[in-house]
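Report on one structure; see the data block that follows.
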Amino acid sequence: MYNFDVEKPGTVADAVAAMRTEDAQALGGGQTLIPTLKQRLASPSTLVSLKGVAEMQGITRDGDSLRIGGATTHATVAADGNYAALSALASHIGDPAVRNRGTIGGSLANNDPAACYPAAALASGATIVTTSREIAADDYFQGMFDTALEEGEIITAVNFPIPQAANYQKFVQPASRFALVGVFVAKYADGVRVAVTGASNEGVFRWTEAEAALSANFAASALEGLSVSADNMIADLHGSATYRAHLVKVMTGRAVAAAS
Amino acid sequence: MTKVTMTVNGKTVSGDVEGRTLLASFLRDDQGLTGTHIGCDTSQCGACVVHVDGVAVKSCTMLAAEADGATVDTIEGQANADGSLNVIQQAFQDHHGLQCGFCTPGMVMSAAALLKENPKPSEQEIREYLEGNICRCTGYHNIVKAIMAASGQDVTAIAAE
């Protein structure tokens with residue numbers, strides 16, 4: 001690693017101030033960023049550790065809305081249970097030691113095309129709360145490793161509307177355990193949302209045809225007759241574009257069948 | 001350089017670190033606690049697992065500066081006060097839960113974390129919990145068996161001898 005300074009603000013205001021340092025970079029749990037730095041793929045002047053920002057920790061429920069602080073670890077979300085499908089998703093990210101460090105804000109800010117949280121946020125129509133504004137999930141994800149976040153902007157919380165039923169199905173890439181294809185299905189009073197991770201060169205996306213079919217009839221059989229185009233699907237040694245496209249439908253069906 | 005102070009295996013220690021100094025490097029190079037191993041250095045293998053404020057973390061993927069003020073427990077602090085092996089370590093010896101031994105410190109620290117949150121894990125739960133600990137000798141059967149034995153469960157039904 002190239003060397004850098006480490007700042008440890010205790011408040012959001014101090015974190016924002018620290019991020020004004022030239023080439024500063026926010027540090028969540030570091031489970032992606034530190035390996036990236038080891039490979040010298042980034043050379044920030046300063047890492048602003050968000051672990052000590054108390055306002056960004058923890059989970060609070062208000063009616064059917066769940067607010068998760070940006071610095072909340074996967075392990076904390078996994079143990080929460082207010083939004084069962086989300087907790088189940090968090091309990092299968094990485095491994096136990098990774099879940100004790102990695103954070104929801106870090107995952108969403110990185111927007112890895114095979115990460116799990118982006119599928120949950122998009123399928124839930126979550127709101128990404130930052131140091132300067134609130135961003136709807138539909139506007140937040142802008143492509144592989146690309147988001148609506150501006151320079152110096154930090155995710156302080158994520159607000160999830162709790163659905164009537166939901167489920168996440170992940171077909172794991174057997175070596176990395178990341179999602180080869182992951183599908184999050186969430187059923188709300190005003191319709192069903194389906195978000196797919198791991199599959200597309202554009203990163204997480206909504207499968208709108210399935211949403212329409214499932215909103216009319218929330219059953220795996222409603223997907224019969226639908227197909228997913230292999231255009232722009234990721235193709236690598238783990239699976240072809242056609243294979244991933246096929247898996248999207250299979251995993252969506254499984255998620256619907258398992259939704260509770 | 002920044003000064004960090006932390007409690008390692010019950011003792012207060014401090015040292016000067018760079019921003020980029022990993023917790024694993026601080027423990028090994030500054031404190032001489034070389035029981036914490038660095039295997040893959042990419043947070044996959046788990047040989048570097050230690051406990052920070054009571055939970056398992058991969059010390060090769062955490063900055064020493066972030067552990068300032070924390071309580072850190074490593075493999076060196078696991079033995080009983082009289083120097084004898086603790087129940088998990090003894091079970092690893094009794095059930096041949098190690099071959100070359102490189103992954104063992106991480107395995108023992110992960111096992112300790114597991115048994116703290118789940119005192120009687122099933123074989124399946126143990127295997128899932130060890131997802132982030134790799135044994136390149138592939139000695140998993142006896143590692144799982146040792147952890148089951150350490151939790152006071154009957155291990156006669158576990159496959160490998």
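Here, each number is a calculation from the coordinates, and none is a lab measurement. These numbers were taken from a predicted model, which means no experiment stands behind them. Cβ coordinates were reconstructed from backbone atoms using ideal geometry, including for glycine residues, and neighbour counts include every protein chain displayed.
For every helix of n ≥ 4 consecutive DSSP H residues, a contribution of -39,500 (n - 2.57) applies; sum these over chain B, divide by its total residues, and give [θ] at 222 nm rounded to the nearest 500 deg cm²/dmol. Before the final figure, lay out each step's value.
On the way: 4 runs with 40 residues, N = 161.
My calculation for chain B gives -7500 deg cm²/dmol from helical runs alone.
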(message) Translational diffusion coefficient of the range A:5-49 at 4 °C, 1.567 mPa s, Stokes-Einstein with Kirkwood Rh over Cα pairs, in µm²/s as a whole number.
(response) 121
(request) Taking every Cα atom in chain A, find the radius of gyration and the maximum pairwise distance Dmax, and write them in Å. (result) 18.0, 56
(request) Lys and Arg at +1, Asp and Glu at -1: add these up for the other residues within a Cβ distance under 15 Å of A:S45 and post the number. (result) -3
(request) Using only Cα atoms, tell me the angle between helix A:241-258 and the longest principal axis of chain A; keep it within 0 to 90° and round to the nearest 10. (result) 80
(request) Return B:T61, A:T36 ranked ascending by Cβ neighbour count within 10 Å, so the fewest neighbours appear first. (result) A:T36, B:T61
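Counting other beta carbons within 10 Å of each Cβ, put B:K145, B:K11, A:K38 in order, fewest first. List each step's numbers first, then the result.
Values: B:K145 26, B:K11 9, A:K38 16.
If I rank by nearby Cβ atoms, fewest first, I get B:K11, A:K38, B:K145.
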(message) Run the helix sum for chain A: -39,500 (n - 2.57) per DSSP H stretch of 4+ residues, divided by residue count, reported at 222 nm to the nearest 500 deg cm²/dmol.
(response) -7500 deg cm²/dmol
(message) Using the Karplus curve 6.51 cos²θ - 1.76 cosθ + 1.60 with θ = phi - 60°, what ³J(HN,Hα) values do you get for each residue of the range A:20-31, in whole Hz, with x for Gly and Pro?
(response) 6, 4, 4, 6, 6, 9, 6, 10, x, x, x, 6
(request) Return the lysines within reach of A:K187: Cα separation strictly under 19 angstrom, same-chain partners fewer than 8 residues apart disregarded; answer none if there are no such residues. (result) A:K170, A:K249
(message) Give me the dipole magnitude in Debye, nearest 20, for the range A:54-161 about the Cα centre, with unit charges on the beta carbon: positive for Lys and Arg, negative for Asp and Glu.
(response) 400
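Using 0.36 nm per residue, how much length does the chain from A:Q164 to A:N217 gain when fully extended, once their Cα-Cα distance is taken away? Provide the component values of the computation, followed by the final result.
Working: separation 53, 0.36 × 53 = 19.08 nm, distance 1.45 nm.
Value of the extension gain: 17.6 nm.
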(request) Would you mind computing, in nm to one decimal, how far apart the modelled labels at A:E209 and A:A42 are, each placed 7 Å from Cα along Cα→Cβ? (result) 3.7
(message) I need B:V87, A:V248 ordered by Cβ neighbour count within 10 Å, fewest first.
(response) B:V87, A:V248
(message) Just to compare against my own numbers: the Cα pair-distance distribution for the range B:87-150, 5 Å bins, whole % per bin, please.
(response) 4, 21, 36, 28, 9, 1
(request) Can you tell me the 0 to 90 degree angle between the C-alpha axis of helix B:140-150 and the longest principal axis of chain B, rounded to 10? (result) 90
(message) Given Cβ point charges of +1 (Lys, Arg) and -1 (Asp, Glu) and nothing else, what value in debye, to the nearest 20, does the dipole of the range B:1-51 about its Cα centre take?
(response) 140
(request) Report, ordered by chain and residue number, the lysines lying within cross-link reach of B:K3, taken as a straight Cα distance under 16 Å and ignoring same-chain residues fewer than 8 apart. (result) A:K8
(message) From the phi angles alone, apply the Karplus equation (6.51, -1.76, 1.60; θ = phi - 60°) to the range A:110-123 and give each ³J(HN,Hα) in whole Hz, x where the residue is Gly or Pro.
(response) 6, 6, 4, x, 10, 6, 7, 4, x, 5, 5, 5, 6, 5
(request) Show which aspartates and glutamates lie in cross-link reach of B:K11 when reach means a straight Cα distance below 19 angstrom and same-chain residues fewer than eight apart are skipped. (result) B:D29, B:D30, B:D53, B:E66, B:D68, B:D73, B:E76, B:D82
(request) For the range B:39-44, take each phi angle, set θ = phi - 60°, evaluate the Karplus expression 6.51 cos²θ - 1.76 cosθ + 1.60, and give the result in whole Hz per residue in order, putting x for glycine and proline. (result) x, 8, 6, 10, 6, 9
(request) Restricting things to alpha carbons, find the Rg to Rh ratio for chain B using the Kirkwood radius for Rh. (result) 0.99
(request) Return the distance in nm (one decimal) between the two label points of a simple spin-label model at B:N118 and A:A13, each offset 7 Å from Cα along Cα→Cβ. (result) 4.4
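Between A:D23 and B:N80, take the C-beta separation as r, use R0 = 60 Å, and let me know the FRET efficiency to the nearest 0.05.
Working: r = 49 Å, r/R0 = 0.81.
For R0 = 60 Å, the calculated efficiency reads 0.75.
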